[in-house]
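Step one of this worksheet: look at the structure below.
The values are calculated or read from the model by the stated rules, or taken from the named source; none is laboratory data. This structure is a prediction, so every number in the text was calculated from the model and none was measured. Reconstructed Cβ throughout: ideal geometry from the backbone, glycine too, with neighbour counts over all protein chains shown.
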């Protein structure tokens, strides 16, 4: 492992509504990682790759800015 990793970043400024996975979870491309509220709308943030969640940088209720790291996934 470790040949590829992706840091999923916030697409907009907003608030973390709920986390759908934790460190150590296996995720597939397209799985929902978390629910994010921006401009009064809830948005699902999807995994871009198959892999394992190695780090979660946010908690439910956190406010984030556009481009802030949310999770690190290792293929």
* Asked: Taking the stretch 33-45, which residues are loosely packed, with under 15 Cβ neighbours inside 10 Å and in contact with a strand residue (DSSP E or B) (Cβ under 8 Å, 6 or more places away or on another chain)?
  -> 39, 42, 44
* Find the residue count for the stretch 54-70, including only residues that are over 15 Å from residue 12 (Cα atoms), under 10 Å from the mean Cα position of the chain (by Cα) and surrounded by 14 or more Cβ atoms within 10 Å (Cβ to Cβ). => 2
* Out of 24, 51, report the one residue that is surrounded by fewer than 11 Cβ atoms within 10 Å (Cβ to Cβ) and at pLDDT 95 or above. => 24
